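Heads up, the thing below is written out as structure tokens.
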Amino acid sequence: RDAVGMVFANEITGGIPDALSWLEVQVRDQVLPDGSHIERSPMYHAICLEDLLEVQLLLGSKAPEWLSDGVRRMGGLLESLLLGDGEIPLFGDAWLGEVSTPQLLAFCRSEVGPLPQPQSPERHGGLVAIDRGEFRAVLRAGPHGPDYMLAHAHADLLAFELSWGQRRVISDTGTALYDPGPERMLLRSTAAHSTVQVDAAEQIEAWGSFRVGRRGRAQVRAMGKHGAWSWLWASSDAFEWLPGRPRHDRLLAVSAEAVLVLDAVTGSGVHEIASRLHLAPGEPDKGTRVLALGSNATPREAPYHERFGETLERTRLDVESSVELPWVGGWLIRCGIPSSSSEVDCDLQIHDGIVQLECNGGFEVSARWQISPTDGNSAERVVLCSPNRESAT
């Protein structure tokens, strides 16, 4: 932003001939190959894109190609992350209303043309979207940001947001304030995000308003799209510093009929496991069904900060267990279900590093997920099969 200000000052008053070259250095450093902003906060990504677009408009025909390319790639990444309501997910420090996302993207297209699909976001920014039918999910499966600058990081590794049509079903907590204190710590905590927690430990060691010490990391292990399913498998090492070295793996699979979330915590010893799912605020759609797999969920009230400085109440579903590892759990989410639809019965187990799920009743699905190391001869690590035999491997 300092470099952007210098470019504006030079265009208006002159005297800063190096301003544009300073901005070029920052764009090359802060815009990743997939178009992500380096801090991995969707809201700050939009703010930085808005800054670059203003420079593009200021310079007009004098705008260099590296600037237009940065606007195109950042615009394409932002567009890829939008949920069904046309707005950003609330990972990291983020809230709605800071930037008009639809207007921003419309200006981008008018200035630089069509916006490209991001190249391999699972290897760069780590914010990855998958969709089928009316369902659209966005998962954080990469770094919280650059190691030297984690000011806007939250403990949200492997957390996800989900929409069905134009309605959000699962939503992150958002951000209410930047003042240091218990409320700031709570909204940055692992419990404030739809992910798994081990032994009440935090994914990041946060303090003050913008500081982070120890931090976990996540990566995408595999992803695919075939038959009835789009799916993504990611791992987090956020709790491997604990005794027994617990590791969290998450398989997120989306079909036109349902969203399946399978979680496995591997390692050794007895540990306290908490899996949380933050429902979007407001009255739930009568056709929405959320089933905890492998255990019962307890509903609790939780805060939601869609706008900075505002707090709404919504429901959070908690699954808590004291178990000897490995542990397996998850969620089955369906929308648009008739009230006459029968209940779903699911059996979830893990044996020798292979997670197996069988669901029957109102929805049928079989899943086999091999999370243990293999001898290299097995081609099938993830298998999902829906009733009509459409599968993804």
Cβ pairs under 9 Å, 6+ apart, first in the range 269-287 and within 23 Å of L242 (Cα to Cα), second among the aromatic types (F, W, Y): H271/F239; H271/W327; I273/W327; S275/W331
Which of (1) over 19 Å from the mean Cα position of the chain (by Cα); (2) closer than 24 Å to G142 by Cα is the odd one out, the single condition T101 does not satisfy? (1)
The residue from A256, A234, A264, A228 that alone is farther than 19 Å from V138 by Cα and touching a residue at least 24 places away in the same chain (Cβ under 8 Å) is A264
If you take just the strands (runs of 3 or more DSSP E) that sit entirely in the range 243-322, which of them hold at least 1 residues that are hydroxyl-bearing (S, T, Y), open to solvent by 10 Å² or more (accessible area, probe 1.4 Å) and modelled with pLDDT of 95 or more? 259-266, 298-304
When (1) touching a residue at least 24 places away in the same chain (Cβ under 8 Å); (2) charged (D, E, K, R); (3) out of contact with any Phe, Trp or Tyr (no Cβ under 8 Å at 6 or more places or on another chain); (4) within 22 Å of S235 (Cβ to Cβ) are applied to D318, the one that fails is (4)
Do we find that D172 is open to solvent by 30 Å² or more (accessible area, probe 1.4 Å) and modelled with pLDDT of 95 or more in this structure? no
Considering only the range 193-210, state which residues are open to solvent by less than 20 Å² (accessible area, probe 1.4 Å) and more than 21 Å from Y304 (Cα to Cα). V198, A201
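The values are calculated or read from the model by the stated rules, or taken from the named source; none is laboratory data. Note that the structure is a prediction, hence the values are computed from the model and not measured. Heads up, the Cβs are rebuilt from the backbone with ideal geometry, glycines too, and the neighbour counts pull from every protein chain shown. Ligands, DNA and RNA are excluded from the accessible area calculation, which covers all protein heavy atoms including side chains. Shrake-Rupley method; radii C 1.70, N 1.55, O 1.52, S 1.80 Å.
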